[in-house]
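Worksheet: one structure, shown below.
The values are calculated or read from the model by the stated rules, or taken from the named source; none is laboratory data. In this text the structure is predicted, and so the values were computed from the model without any measurement. Virtual Cβ from ideal backbone geometry, glycine too; neighbours counted across all protein chains shown. Ligands, DNA and RNA are excluded from the accessible area calculation, which covers all protein heavy atoms including side chains. Shrake-Rupley method; radii C 1.70, N 1.55, O 1.52, S 1.80 Å.
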Amino acid sequence: MKTTAWKTLWIMGLFLVAIFLPQCRTQPAEEEASLSQGKVKMDLFKEDFGRLPDGTPVELYTLNNSHGLRARIMTYGAIVVSLEVPDRDGNLADITLGYDSLDGYLETTPYFGAVVGRYGNRIAKAKFTLDGVEYTLAANNGENHLHGGLKGFDKVMWAAEPVREEAAVGVKLSYLSPDGEEGYPGNLSCVVTYWITEDNELKITYQATTDKATPVNLTHHSYFNLAGQGRGDILGHELILEADRYTPVDEGLIPFGELRPVAGTPFDFTSPHTIGARIAQVHGGYDHNFVLRSGGGEPARVAQVFEPTSGRVMEVFTTEPGIQFYTGNFLDGSITGKVGRVYNKYYGFCLETQHFPDSPNQPDFPSTILRPGETYQTLTVYKFSIRE
Ligand code: BGC
């Protein structure tokens, strides 16, 4: 063959590689080619999301439904890296704060999008006594223990398995927390499954078993901004919380043990109020556990948030008896997150379904102790819709 012909062939080859290489990077996980049922088309695939400093590969799962709802979830920290939701005009925006790449999460993160455990929120003085034995945990928040300690479930590797149902695709994440980890007793076997459903839900199921009695309180820590992440503060969002009481806290954010009525206070969201309407009256901003009317047990709708400029609505359903409403008070502009957006105070809110903070030291709060032979099982759903 002539040199020019070889050259043409080479160029064509390079051209083909350039077209097909990006598509090979995104390998469909074994059994989840796209699901097509008539018009319904959900998708589930995985790709690489980099490596931990010790070389461990991190996977990123993308779940989407046929209405455009799309979540990206990684195996490090069981973190929701992004959540794209349509607005009233059908435009998608990523409504969760976080980073574009793994490095950001490894450097510093206020629990963006993570599963929090073994115990969501604080345990006073990083100590508790169970069956006559005193346990000491890592004190990582002043003298208190917060969100599972120095290396909580938000900083461990989860093993992933893609799952699907008729109207949902998901990723099942498993982690075995060894006896003594961060000071907690018992080997705790945890399974957290994230689903994206055809009903426009991000549905999370939590399951755990143990071989020694231990406190367990798992939650999810996405920072939401329904107008789109990094686009401003969340003070104009309108909130309803189905809670008549909350647990007031001391300076270290530890509950006194009292369940105080919200009526007549800035904590009363039983009728819709914007988050910002009374926030100036709450020292530092909202960072409180609300006692849900539902009391836990059966799944119930416990919160609703509406963002007027986009029309996005988020409802929260849970089997848990409490919810931590946190308004991103500690965001201070020092974090530059996704697409170069700077996160200032009040740029995101969290609605963390949970048992009450410091329950292991509060005999009057619903118990968080899981014993061998029992199964910890909870469900939380974030459901999205629009209002014209
Ligand atoms: C807590 C805050 C804490 C934040 C961590 C929330 O769940 O209630 O006090 O600062 O998580 O970013």
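Quick look at the values:
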read-out	value
Condition check for Phe224: within 16 Å of the ligand (Cβ to nearest atom), buried (at least 19 other Cβ atoms within 10 Å of the Cβ) and either at pLDDT below 95 or under 22 Å from the mean Cα position of the chain (by Cα) (or both)	yes
Complete set of residues in the stretch 201-214 that are surrounded by fewer than 24 Cβ atoms within 10 Å (Cβ to Cβ) and farther than 15 Å from Thr380 by Cβ	Thr209, Asp211, Lys212, Ala213
Enumeration of residues in the stretch 356-381 that are hydrophobic (A, V, I, L, M, F, W, C), under 21 Å from Leu259 (Cβ atoms) and buried (at least 21 other Cβ atoms within 10 Å of the Cβ)	Phe356, Phe365
Some residue of the stretch 340-356 being at positive phi and touching a Lys or Arg at 6+ places or on another chain (Cβ under 7 Å)	no
Residue list for the stretch 336-355, filter: within 18 Å of Leu253 (Cβ to Cβ) and surrounded by fewer than 20 Cβ atoms within 10 Å (Cβ to Cβ)	Lys345
Residues being within 20 Å of Thr219 (Cβ to Cβ), touching a strand residue (DSSP E or B) at 6+ places or on another chain (Cβ under 7 Å) and either part of a strand (DSSP E or B) or open to solvent by 40 Å² or more (accessible area, probe 1.4 Å) (or both) - total across the stretch 153-196	19
Residue under evaluation Ala280, criteria (1) closer than 28 Å to Gly228 by Cβ; (2) touching a residue at least 12 places away in the same chain (Cβ under 8 Å), criterion not met	(2)
Cβ-Cβ under 7 Å pairs, at least 6 apart or on other chains, the stretch 175-197 side within 19 Å of Met74 (Cβ to Cβ), far side assigned to a strand (DSSP E or B) and of a type in the set (Phe, Trp, Tyr)	Cys190/Tyr175; Val192/Tyr206
Single match in Ala160, Ala167, Ala124 (criterion: within 20 Å of Val58 (Cβ to Cβ) and touching a residue at least 40 places away in the same chain (Cβ under 8 Å))	Ala160
Leading residue by the ranking (surrounded by the most Cβ atoms within 10 Å (Cβ to Cβ)) among those in the stretch 99-113 that are more than 10 Å from the ligand (Cβ to nearest atom) and in contact (Cβ under 8 Å) with a residue 60 or more places away in the chain	Gly113
Subset of the stretch 114-134 (residues that are away from the ligand (no atom under 12 Å from the Cβ) and not basic (Lys, Arg))	Val115, Gly117, Ile123, Ala124, Ala126, Phe128, Thr129, Leu130, Asp131, Gly132, Val133, Glu134
Pair list, Cβ under 7 Å, 6 or more apart: the stretch 331-360 residue closer than 19 Å to Phe224 by Cβ and acidic (Asp, Glu), other residue open to solvent by less than 10 Å² (accessible area, probe 1.4 Å) and within 13 Å of the ligand (Cβ to nearest atom)	Glu352/Gly120; Glu352/Thr219; Glu352/His220; Glu352/His221; Glu352/Ile323; Glu352/Gln324
The stretch 274-330: number of residues that are among the hydroxyl-bearing types (Ser, Thr, Tyr), within 16 Å of the ligand (Cβ to nearest atom) and open to solvent by 10 Å² or more (accessible area, probe 1.4 Å)	1
